[in-house]
Amino acid sequence: MALAATTSLLLTGALLRLRPPASLLEAEGVLAITVSALLALSVLLRLQSGGGDQQRRLFEQTLATADTTDLGRFIDTASRAAPLQGLVLAEGADLSAYDPALLHAAFADDVVMDLTRLNHAPSEAERDAREQLRDLLRRHASTHAILINAAPLRIALIALGGSTRAEEDERAMALFQKMAAMVTARDAGDPA
C-alpha cells in the first residue's frame, strides 16, 4: 500500500508538471484520479495472481487424483485441467513420417520444448532434428511438445494460446511428464 501511495504521488507530480493546475481543486482532482487508477490496477493484479494460484491448485489436484492404471487413462484424466487441456499423444503411426532418433534429439536435455526454442539450432544435425519436431507441432496445431518416453517414442502435444504464465505452465508440463514417464515405466515392468 505504501508503494501505491508513493507511486501515486510521483505520478501526480509528473502529471502536474506537464500542465500546472489552475486551482488547488484541480490538483486534488488529478491526485484523486491517479490514486483511483493505481488502486484499480492493484486490485486487478491481485485478482490475476489469485486466479493463477487457484489454477495451479486445480492442476495439482487433478494430477494427484489422475487414474494411473495405464498411460491412456492417465493422460485422459490429467489433461482435464489447464494447462494440459487439449493435450494429444503422438505415438506409433502418428510419428511414422518422422525419424524417431531425430525427434528425440530435438529435445536435447529438456523434456518440454516449445516452438520458439526450436528456432535456435547451432549445428546442421540439430537443425534437422528441430525441423522435424517443428513440423510435428505445426501438423497438430500445437505450441509445446512433451517427451513422454524415447522407446517407443511418445510425445504429448499441446497448444497454449498466449499464456501469460509460460514458465509456470512449462513447470506443470514437466511435472506431468515425470508422472507419465513413471506410469509408462511401470507398465513396461521397469522400476521407476
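Couplings 3J(HN,Hα) for segment 124-136, derived from phi with the Karplus relation 6.51 cos²θ - 1.76 cosθ + 1.60 (θ = phi - 60°), are 4, 4, 5, 4, 4, 5, 5, 5, 5, 5, 4, 4, 4 Hz, where x marks Gly and Pro. Stokes-Einstein diffusion of segment 68-188 at 25 °C, 0.890 mPa s viscosity, Kirkwood radius from Cα pairs, rounded to a whole number: 170 µm²/s. Here the Karplus relation 6.51 cos²θ - 1.76 cosθ + 1.60, evaluated at θ = phi - 60°, turns the backbone of segment 81-95 into coupling constants of 10, 5, x, 8, 4, x, 4, 10, 9, 9, 7, x, 4, 4, 9 Hz, with x for every Gly and Pro.
Less than 11 Å Cβ to Cβ from HIS120, Lys/Arg counted +1 and Asp/Glu -1: what total charge do the surrounding residues give?
On the way: positive: ARG117, ARG127, ARG130; negative: GLU126.
Charge balance in the 11 Å sphere: +2.
Here the simple spin-label model places points 7 Å from the Cα toward Cβ, and for ASP109 and ALA125 these points are separated by 1.6 nm. FRET efficiency for the pair THR77 and ARG57, taken as 1/(1 + (r/R0)^6) with r the Cβ-Cβ distance and R0 = 22 Å, rounds to 0.85.
Net charge in the neighbourhood of ALA66 (other residues with Cβ under 13 Å of its Cβ; Lys, Arg +1, Asp, Glu -1) is -1. PRO100 sits among other residues whose Cβ lies under 11 Å from its own Cβ, and their net charge, with Lys and Arg +1 and Asp and Glu -1, is -1.
Highest-first packing order for the peptide set 142-154, 102-114 is 142-154, 102-114, based on the mean count of other beta carbon atoms within 10 Å.
Read-outs: derived from the displayed coordinates by stated rules, not from any lab. Since the model is a prediction, treat every value here as computed from it, not as a measurement. Note: ideal-geometry Cβ built from the backbone for every residue, glycine included; neighbour counts use all protein chains shown.
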